[in-house]
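Working notes for the structure below.
Quick note: the coordinates plus some simple rules give every number you see, no bench work behind them. Note that this is a predicted model, so its numbers are computed, not measured. Cβ sites come from the backbone with ideal geometry, for glycine too, and all protein chains shown count toward neighbours.
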Amino acid sequence: MHIIEKIVPLHESHPVRAWHGVLLLILLVFAFSLNAWAKNTKGLVRIHVLDVGQGDAIFITMPGDHQVLIDGGPPGSAVPHVSALMPSWDRTLDLVVASHPHSDHIGGLIDVLEQYEVTHILKGFESYDSATAREWERLVQAEGAVVTEGVAGVRYDFGASISLSVVFPINSRSGVPSKDANEDSLVFLFQYEHVRMLFTGDAEQGTESALVLAEEDIRADILKAGHHGSITSTTPTFLATVRPQAVLISVGQGNRYGHPHPVTIDRLAGAGIPYYRTDQRGNVTVTSDGRSFSITTER
Ligand SMILES: [Zn+2]
């Protein structure tokens with residue numbers, strides 16, 4: 001099997017010339033105090049599964065002032081959350097990920113691209129067509145970001161042992177017509193030292209069994225349930241492979257799809273896995289120091 005290996009470092013250091021010695025010393029003292037401050041207050045990664053109604057939007061903050069946004073929920077839903085969680089002076093997102101081009105995932109990314117500078121964009125190679133998908137594509141082209149097609153082997157390194165690695169699709173979708181945008185969702189692992197969280201977009205049982213069969217390393221401490229807790233996702237085999245200690249479900253109150261399905265909820269309860277639903281708990285936040293994690297909810 002051919003694996004594309006592409007590492008995108010997001011924490012490049014810049015060389016400093018020797019004649020900058022005095023300035024360097026001052027900067028070092030300043031950096032040391034900043035670093036001590038950072039260790040006390042900012043050595044944590046926070047993964048916020050945002051309460052955006054029926055859709056997905058996950059905002060990650062990490063040491064080094066890096067921010068990642070995974071999907072943007074329905075139109076207009078992500079920006080108020082992102083602006084509340086970002087420092088007011090910071091208008092740059094390091095990475096925006098679009099799991100797949102349905103409007104409950106990319107709708108809210110459109111105004112994110114309009115209002116923030118985005119350095120990197122990770123997306124699938126889609127042939128899905130809709131007015132929202134066309135507008136999203138237009139803005140992606142206009143953003144000036146480094147755009148990368150999500151395929152297994154693509155990995156972003158944020159420094160401090162923090163990374164995001166794509167595990168699905170296993171091969172490039174370039175030139176392959178999309179039969180089912182949900183099943184073409186990007187699946188990826190976010191890792192901070194020993195703590196791993198698996199993101200599945202709206203992937204369903206076909207994608208889940210492809211990952212299990214391919215023997216991809218998808219063990220994770222925390223799982224973002226596929227497709228808003230639909231009955232067609234979070235299958236018993238997939239759960240047994242991922243073996244999460246907690247499952248987060250992004251879902252809108254009283255949605256017309258009946259998400260999450262009671263069978264999915266029973267599966268989790270039966271396996272003794274705690275789950276957190278945004279429709280019941282509001283924003284759900286995972287906080288980790290890289291060794292362990294805790295989950296807090298808005299309500
Ligand atoms: Zn969805």
Q) Label Ala271 and Arg134 with points 7 Å out from Cα along Cα→Cβ: what is the distance between them in nm? A) 4.1
Q) Using a ≥ b ≥ c from the Cα gyration tensor of segment 37-128 (square roots of the eigenvalues), is it rounded, prolate or oblate, where a/c under 1.5 gives rounded and otherwise the larger of a/b and b/c decides, a/b for prolate? A) prolate
Q | Cβ-derived FRET efficiency at R0 45 Å, Ala210 paired with Trp89, nearest 0.05 | A | 0.55
Q: Could you check what % of the DSSP bridge pairs in the chain are antiparallel, to the nearest 5?
A: 55
Q: Classify the chain as rounded, prolate or oblate from the Cα gyration tensor: take a ≥ b ≥ c as the square roots of its eigenvalues, call it rounded if a/c is under 1.5, otherwise prolate when a/b beats b/c and oblate if not.
A: prolate
Q. Taking the Cα centre of each part, how many Å lie between segment 97-151 and segment 201-220?
A. 23
Q | Contact order relative to length of the chain, as percent, for alpha carbon pairs under 8 angstrom and 6 or more apart | A | 17
Q) Under the classification rounded if a/c is under 1.5, otherwise prolate if a/b is larger than b/c and oblate if not, where does segment 113-244 fall, given a ≥ b ≥ c as square roots of the Cα gyration tensor eigenvalues? A) oblate
(Q) Cut-off is 10 Å between beta-carbons; in what order do Asp90, Asp184 appear when sorted fewest neighbours first? (A) Asp90, Asp184
Q.
For the ranges 43-51, 257-265, what's the packing order if you count other beta-carbon atoms within 10 Å of each residue, average per peptide, and put the highest first?
A. 43-51, 257-265
**Q.** From phi via Karplus (6.51, -1.76, 1.60), per-residue ³J(HN,Hα) for segment 228-236 in Hz, x at Gly/Pro
**A.** 6, x, 4, 5, 7, 10, 6, 5, x
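What does the helix-only formula give at 222 nm for the chain: each DSSP H stretch with n ≥ 4 adding -39500 (n - 2.57), the total divided by the residues, and the result rounded to the nearest 500 deg cm²/dmol?
Mean residue ellipticity, 222 nm, calculated: -8500 deg cm²/dmol.
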Q: Go through segment 283-299 residue by residue and turn each phi into a ³J(HN,Hα) via Karplus (6.51, -1.76, 1.60, θ = phi - 60°); whole Hz please, and just put x for glycine and proline.
A: 4, 10, 10, 9, 10, 9, 9, x, 10, 9, 9, 9, 10, 10, 10, 6, 8
